[in-house]
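The values are calculated or read from the model by the stated rules, or taken from the named source; none is laboratory data. Just so we're clear, the structure is a prediction, and the values are computed from it rather than from any experiment. All Cβ positions, even for glycine, are placed from backbone atoms using ideal geometry, and neighbour counts span all protein chains on display.
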Amino acid sequence: MSDSHNITPRDPGFEFSDDLPVNWHSANPVISHMYNGLSVTFPDGEKFFVDSVRHFRDEITDPNLAEDVRRFTIQENIHSREHVAYNKYLAANGLRPEPLEAGVRFGMNLSRKLPKRMQLAITCAIEHFTALFAEVLLSDPRALENAHPDIANIWRWHAMEESEHKAVAFDVSKTVDPGVGGYLRRCLAMTVTAINFNLISFFHVLYLLKQSGDLFNRSAWAEAMAYFWGKPGVWRRVLAGIPTYYRPSFHPNDRDTDALVKKWRAWYADAVQTS
Ligand SMILES: [Fe+2]
Ligand SMILES: [Fe+2]
């Protein structure tokens, strides 16, 4: 079980000033829009994660896990709010994220019609993706080294908190949906989610590139391919962490990120909290 004291909701209140560049990462629209496209999924996506866990709050008898759920809920609600502000900055820069947001909302509303244990299994799968992505961002300085510091900080803060609460949905699922049935449901959810998450992320990048007029920017694509699949290979490393999810004994804390989170908590206290 995860330790409640490892989950700390923070309220950073990031500001998105008008002079932030839209190609904020490496001056590269493909890399920037991969992150921007993910941001578009967060407000409605994270509401879904929270609801899928809270459906079961009356079945959680372990006080530590109940406290984890409470802290997870606060963290995800603040993430949603900050990414609403982030997405307004995208809109202010003419990227028109609204149709993408409507698509995410439609997909989430469809998912809400699934059985509640399957909704929770979907959340477990996406939380594993976000935990892997967070680990790459926090452990490899190259992942955000050429990014605008203000937006890099948002991703670091979000990554740190995703690492902190990475086991909460999974622990709830193991509690309320145990045994072979729960295992198979989580495997099915991961398979469907892995396909959908990659397709949707790619579609979001294409849409945003079309909006910014960079769809056929070959040099940006070439540099981005190296970033995602070569070195540092951000997406390659996320995908490399997926197969272990299918192990029957899998648990998110198998990947020990405590030292990493500790390091970034010190960063947050120094660079964000005091600013
Ligand atoms: Fe989040
Ligand atoms: Fe999360």
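Do we find that V180 is touching a residue at least 40 places away in the same chain (Cβ under 8 Å) and either closer than 19 Å to G37 by Cα or hydrophobic (A, V, I, L, M, F, W, C) (or both) in this structure? Considered against the rule, which asks whether it is touching a residue at least 40 places away in the same chain (Cβ under 8 Å) and either closer than 19 Å to G37 by Cα or hydrophobic (A, V, I, L, M, F, W, C) (or both), V180 comes out as no. Within the stretch 46-96, if we keep just the residues that are closer than 28 Å to S17 by Cα and of a type in the set (F, W, Y), the residue that is farthest from the chain's Cα centre (by Cα) turns out to be Y89. Looking at A159, A152, A131, just one residue is under 30 Å from L95 (Cα atoms), more than 14 Å from ligand 2 (Cβ to nearest atom) and of a type in the set (A, V, I, L, M), and that residue is A152.
Could you list all residues from the stretch 175-196 that are within 16 Å of F129 (Cβ to Cβ) and of a type in the set (D, E, K, R)?
Within the stretch 175-196, just R186 meets the criteria.
For the stretch 23-35, which positions are within 26 Å of C124 (Cβ to Cβ) and away from ligand 1 (no atom under 16 Å from the Cβ)? Listed by number, the list holds a single entry, M34. Looking at the stretch 119-232, the helices (runs of 4 or more DSSP H) lying wholly inside it that each contain 3 or more residues that are of a type in the set (G, A, S) and buried (at least 17 other Cβ atoms within 10 Å of the Cβ) sit at 149-164, 179-212. The set of residues in the stretch 6-37 that are outside any loop (DSSP other than H, G, I, E, B) and under 24 Å from F250 (Cβ atoms) contains only N6. Just checking, does the stretch 155-169 include any residue being out of contact with any strand residue (DSSP E or B) (no Cβ under 8 Å at 6 or more places or on another chain), in contact (Cβ under 8 Å) with a residue 24 or more places away in the chain and away from ligand 1 (no atom under 16 Å from the Cβ)? For the stretch 155-169, residues out of contact with any strand residue (DSSP E or B) (no Cβ under 8 Å at 6 or more places or on another chain), in contact (Cβ under 8 Å) with a residue 24 or more places away in the chain and away from ligand 1 (no atom under 16 Å from the Cβ): absent. For the stretch 52-80, the tally of residues that are out of contact with any Asp or Glu (no Cβ under 9 Å at 6 or more places or on another chain), in a helix (DSSP H, G or I) and either free of Cβ contacts under 8 Å to residues at least 24 places away in the same chain or loosely packed, with under 15 Cβ neighbours inside 10 Å (or both) stands at 8.
Scanning the stretch 233-254 for residues that are in a helix (DSSP H, G or I), surrounded by 14 or more Cβ atoms within 10 Å (Cβ to Cβ) and either aromatic (F, W, Y) or at pLDDT below 95 (or both) yields a count of 2.
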